[in-house]
Every structure is written in structure tokens, then in C-alpha cells.
Amino acid sequence: MKKLVSLFLVATLCIMSLSVFAAETKSPMEDGDAPLVSNLETYKVDGKSGLGLKFKFDMTMQTMFTCMEYPDERVYLAGRVSVNGGEWQEVVLLADVNTNASTLTPLNGKVIATDALNIKESDKIEFYAYFHGEDVSNWTWEGKHSEVISLGAKEEAPAQQETPVVNTPVKAELICSDWAKEELAKAEAVIPESLKTADLTKNITRAEFAAVAVKAYEALKGTKAQPVATNPFKDTNDAEVLKAFNIGITTGTSETTFEPSALLNREQAATMLTRAYSKDKVNYEKPATFADDAQIDDWAKDSVYFMASKGIINGVGENKFAPDESCSREQAIIIAARMVANLK
């Protein structure tokens with residue numbers, strides 16, 4: 001009897017020792033890499049009411065070497081699935097990692113517990129995998145989890161917002177003579193806003209031409225003109241006139257007057273444009289003298305012949321310049337555009 005009790009105690013101690021050993025022994029895979037899974041998709045399983053899941057599993061070097069080093073410890077791939085945000089459910093995978101330990105060829109894993117999951121085409125699926133082992137003593141362990149991969153329900157594209165209707169103003173057609181249309185179409189850079197809707201066949205005023213000359217100056221110099229700080233004129237506070245005065249395009253008709261509404265003549269136009277090009281004396285090869293040269297004011301002659309030499313302001317016929325003749329808005333804009341094109 002004493003012998004039987006002794007044997008029983010010895011056996012009990014042995015079993016307890018094995019249990020303690022098993023509990024304290026750690027599988028080499030537990031701290032290894034987590035599984036690498038990707039390419040989650042559904043597929044139709046014969047004889048099953050729900051859809052199955054397919055994924056790709058890539059064997060890492062560490063997993064391969066561990067499986068080969070411990071052939072008596074089986075390593076399996078397991079997974080958990082959540083359908084439409086529900087609880088995570090265990091699923092069985094067809095992937096015995098040991099049998100593929102000698103290769104790094106990706107495995108095509110399949111979840112086969114489709115009836116329990118009842119996955120439908122429209123469901124949103126979340127899935128992760130992990131390693132688990134089973135040794136010869138039926139002791140199991142669980143390794144690290146993979147990342148969670150998702151198979152989203154086919155989400156509807158967000159409703160497109162209606163493009164707001166922007167009332168873009170239609171570009172107004174210039175009011176001009178037929179002969180001027182082609183050149184005016186290329187002269188937008190020197191047309192002030194105030195003239196874009198005006199009748200361009202009408203004669204241009206000194207204030208209007210000051211605005212045109214400022215536009216030409218800015219196009220030539222690539223800089224914005226600024227108005228003079230202190231207005232010297234008593235008869236206008238037009239910003240474009242004050243810009244023209246500040247950059248030396250005009251000096252006014254006196255020290256305190258500009259006469260903004262006075263009509264501009266051809267020699268004045270030539271002079272203001274020449275000043276927009278250069279404040280200094282301009283060099284040019286003088287063309288043939290105009291037949292009405294005696295009618296051109298001395299202060300305007302250099303400017304008139306400079307513009308004529310560059311093909312910017314031509315005569316009016318019979319080799320005459322007509323210095324006192326008024327200049328139309330369309331003529332003024334065209335000669336300013338020619339200056340920018342020829343002298344820039």
C-alpha cells in the first residue's frame with residue numbers, strides 16, 4: 001500500500017513538473033514575426049450558402065527558418081473575421097505553414113467557415129491572421145497578430161456637388177471702325193477699363209490718352225506706375241493723369257492746369273508716347289521731312305519724327321503729319337499698341 005502511494009505521488013509530481021515546464025516554456029514563434037497577409041477577396045464556395053474569403057500569405061525568412069529548426073512543433077496559420085463591425089470570430093484557414101517551410105512562395109489562404117459567417121457581397125469584412133502552434137504534448141500557443149486588412153462593401157461614390165454657376169461677364173465687343181478691329185484686337189494691354197465700353201470712333205481727350213500712355217509705359221517697363229503724392233492740378237484729380245504726371249509723360253498745360261476734357265491732337269500724342277518710352281532725348285534716324293513741318297511745334301518735332309521713324313505714327317497723306325488734327329480713341333490706342341510692339 002505504501003508503495004502504491006509512493007508511486008502515485010511520484011507520478012503526480014512528474015505530471016506537475018511537465019505542466020510547469022509547459023507553462024513556462026515559450027515557443028520560439030511567439031516572439032517572431034506576425035503573419036504577412038494581403039489581397040483579401042471573396043469567392044463562391046461550392047455547397048456553401050455564404051461567400052468564402054481568399055487572401056495571400058507571404059512566408060518571412062524568420063518563419064521559414066523557425067519551422068525548419070523545430071520540425072516537431074507544428075506551426076499553423078489562423079485568423080479572425082469581423083463582419084460589418086461585429087464581434088471577431090475565429091475562422092479555420094487552409095494553411096499548414098510547416099509544409100511550406102522550404103519555400104518563400106506566397107500561399108493562397110482560404111477561410112472555409114463560410115456558413116457561420118454568412119458573408120454577402122455587400123458586407124464589409126475585416127480580417128487578421130496569427131500563428132498558432134501545437135507540440136507533441138498537445139500544447140498550443142498563439143503568436144503575434146498581423147495587421148487588419150479590410151474588404152469594404154462597395155461604397156457608393158459621394159454625390160457630386162453641383163458646380164456653382166458663375167456669371168462670368170461676357171467680354172464686351174469694342175465699339176470701333178471696321179478698319180481698326182484687327183489692330184485693336186491685339187491692343188488689349190493698352191486699353192484702359194474706361195474705354196473698353198466707350199465709342200472708340202470719338203476723339204480722345206487728354207485725360208483718356210494719359211490713361212492709354214500709362215498703360216503703354218507699364219507694358220514697356222514691366223512695372224506699375226504710381227500717382228504723384230501731391231496733386232499739382234486744380235482741374236482734375238484723375239488717378240491716371242496723376243500717374244502720367246508722376247512718371248513724366250505729361251507736364252500739363254500750365255503749372256496748375258491739365259485740361260482733362262480738352263481733345264488731344266496728333267503732335268501731343270506723339271510727345272506723350274515718346275515720354276512714356278524715354279524721359280531722355282531719343283536717338284533716331286530722321287525720316288523725310290513732312291510737308292507741313294512748319295506747323296509742327298518745336299517742342300514736339302523730335303517726338304513726331306522719332307515716332308515716324310519707328311513706323312508708329314504715320315502721316316495722313318500728301319506727306320503731311322497734320323499736327324493739330326484731333327486723334328480718335330481708336331487711333332490713339334493703336335499707336336500706343338504699335339509703340340509697345342515695336343519698342344519693347
I296 versus (1) under 25 Å from K215 (Cα atoms); (2) in contact with a Pro (Cβ under 8 Å, 6 or more places away or on another chain): which is the lone unmet condition? (1)
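Name the residue, out of E325, E330, that is assigned by TED's automatic domain parsing to the domain that holds E267, among the charged types (D, E, K, R) and either under 22 Å from P192 (Cβ atoms) or surrounded by 19 or more Cβ atoms within 10 Å (Cβ to Cβ) (or both). Talk me through it step by step, then tell me what you get.
Numbers: E325 fails: either under 22 Å from P192 (Cβ atoms) or surrounded by 19 or more Cβ atoms within 10 Å (Cβ to Cβ) (or both).
Matching residue, one of E325, E330: E330.
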Considering only residues that are touching a residue at least 12 places away in the same chain (Cβ under 8 Å) and either of a type in the set (A, V, I, L, M) or surrounded by fewer than 19 Cβ atoms within 10 Å (Cβ to Cβ) (or both), which ones fall in the range 292-309? D292, D293, Q295, I296, D297, W299, A300, D302, V304, M307, A308, S309
Where the second residue is in a loop (DSSP other than H, G, I, E, B) and at pLDDT 60 or above and the first is on the phi > 0 side of the Ramachandran plot and lies in the range 83-98, which pairs have Cβ atoms under 7 Å and are six or more apart or on separate chains? N84/D123; N84/K124
Scanning the range 277-311 for residues that are in contact with a Leu (Cβ under 7 Å, 6 or more places away or on another chain) and not basic (K, R) gives Y277, M307
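The values are calculated or read from the model by the stated rules, or taken from the named source; none is laboratory data. Owing to the predicted nature of the structure, the values given are computational and were not obtained by experimental measurement. Note that we place each Cβ from the backbone using ideal geometry, even for glycine, and neighbour counts take in every protein chain shown.
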